[in-house]
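**Q** So that we are looking at the same thing, I have put the structure below in structure tokens.
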Amino acid sequence: MTAIMDALLNRSSESRLTLPAPDTETLGKAFACAARAPDHALLRPWRYLVIEGEEALTALGDLFASTCEQDAPEKAREKLRKKAMRAPMVIVGIASHQLHPKVPEIEQTMSAAVGMGYLLLALESAGYGGMWRTGGVAYNPEVARGLGLGQEEIITGFLYVGSVSSGKPPVPRPDPSDFVNRWPR
């Protein structure tokens, strides 16, 4: 088996993340890996925001909390604030759609999502843990505006990244025969 297959077979979402976060050189290589995502017509329909440091993560938490209804209890706002503090670094994946006669938006979104997956795998192969999350804040227009997204952009997810503080037991995975068929039969 190859190192890539081994890495994929051992991949897991890690929720207990702490310092250190990836350094600049590691991030650069990981983003270069993300840029290898399949990309019909070479549109490069993705971009990323790196958010790290207490001040920036607090601002992200405040942005998340601002999505609560005006009469929401403070407990709900605090829960959203804490989501931004799950890791020492949050990378926001963004699909930047471009008008193209042969490449619909959905293909561009899928390309950006594959880039996020490659980014996660690259960071994990460098020894870091990560967890890719979406949730209501990823689809909230106020969060998109607060992060400076344009009208043609959507969030593909929040990648929480750091060093794994304590691993978790392996998650049972389905057997490929449960979800793969041959066609025609």
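The values are calculated or read from the model by the stated rules, or taken from the named source; none is laboratory data. A quick note: this is a predicted structure, and the numbers were derived from the prediction, not measured. FYI the Cβ positions are ideal-geometry reconstructions off the backbone, even for glycines, and counts take in every protein chain you see. When the accessible area is computed, the model is the full protein with side chains, heavy atoms only, and any ligands, DNA or RNA have been set aside. Shrake-Rupley method; radii C 1.70, N 1.55, O 1.52, S 1.80 Å.
**Q** Hey, does the range 129-148 have a residue that's open to solvent by 10 Å² or more (accessible area, probe 1.4 Å) and touching a Pro at 6+ places or on another chain (Cβ under 9 Å)?
**A** no
**Q** Hey, among 95, 87, which residue is touching a strand residue (DSSP E or B) at 6+ places or on another chain (Cβ under 8 Å), within 19 Å of residue 148 (Cβ to Cβ) and small (Gly, Ala, Ser)?
**A** When all the criteria are applied, what remains is 95.
**Q** Given the conditions (1) within 18 Å of residue 47 (Cα to Cα); (2) of a type outside the set (Phe, Trp, Tyr); (3) without any contact (Cβ under 8 Å) to a residue 60 or more places away in the chain, which single one is not true for residue 93?
**A** (3)
**Q** Looking at the range 151-159, is at least one residue in a helix (DSSP H, G or I), of a type in the set (Asp, Glu) and either in contact with a strand residue (DSSP E or B) (Cβ under 9 Å, 6 or more places away or on another chain) or at pLDDT 95 or above (or both)?
**A** Within the range 151-159, none of the residues are in a helix (DSSP H, G or I), of a type in the set (Asp, Glu) and either in contact with a strand residue (DSSP E or B) (Cβ under 9 Å, 6 or more places away or on another chain) or at pLDDT 95 or above (or both).
**Q** Being in a helix (DSSP H, G or I) and either open to solvent by 40 Å² or more (accessible area, probe 1.4 Å) or at pLDDT below 95 (or both), is that true of even one residue in the range 84-93?
**A** Checking the range 84-93: not a single residue is in a helix (DSSP H, G or I) and either open to solvent by 40 Å² or more (accessible area, probe 1.4 Å) or at pLDDT below 95 (or both).
**Q** Let me ask something additional. Could you look through the range 107-130, keep only residues that are over 15 Å from residue 93 (Cα atoms), assigned to a helix (DSSP H, G or I) and more than 14 Å from the chain's Cα centre (by Cα), and pick out the one that is modelled with the highest pLDDT?
**A** Filtering the range 107-130 for residues that are over 15 Å from residue 93 (Cα atoms), assigned to a helix (DSSP H, G or I) and more than 14 Å from the chain's Cα centre (by Cα), the one modelled with the highest pLDDT comes out as 107.
**Q** Taking the range 59-83 as the search range and keeping residues that are farther than 19 Å from residue 143 by Cβ and among the charged types (D, E, K, R), which one is least open to solvent (accessible area, probe 1.4 Å)?
**A** 74
**Q** Does the range 153-161 contain at least one residue that is small (Gly, Ala, Ser) and in contact (Cβ under 8 Å) with a residue 40 or more places away in the chain?
**A** Scanning the range 153-161, I find at least one residue that is small (Gly, Ala, Ser) and in contact (Cβ under 8 Å) with a residue 40 or more places away in the chain, so the answer is yes.
**Q** Given 51, 4, which one is among the β-branched types (Val, Ile, Thr), under 30 Å from residue 170 (Cβ atoms) and open to solvent by 80 Å² or more (accessible area, probe 1.4 Å)?
**A** 4 is the lone residue from the list that is among the β-branched types (Val, Ile, Thr), under 30 Å from residue 170 (Cβ atoms) and open to solvent by 80 Å² or more (accessible area, probe 1.4 Å).
**Q** Listed residues 81, 77; which is without any contact (Cβ under 8 Å) to a residue 60 or more places away in the chain, in contact with an Asp or Glu (Cβ under 8 Å, 6 or more places away or on another chain) and either part of a loop (DSSP other than H, G, I, E, B) or more than 30 Å from residue 4 (Cα to Cα) (or both)?
**A** Answer to the check: 81.
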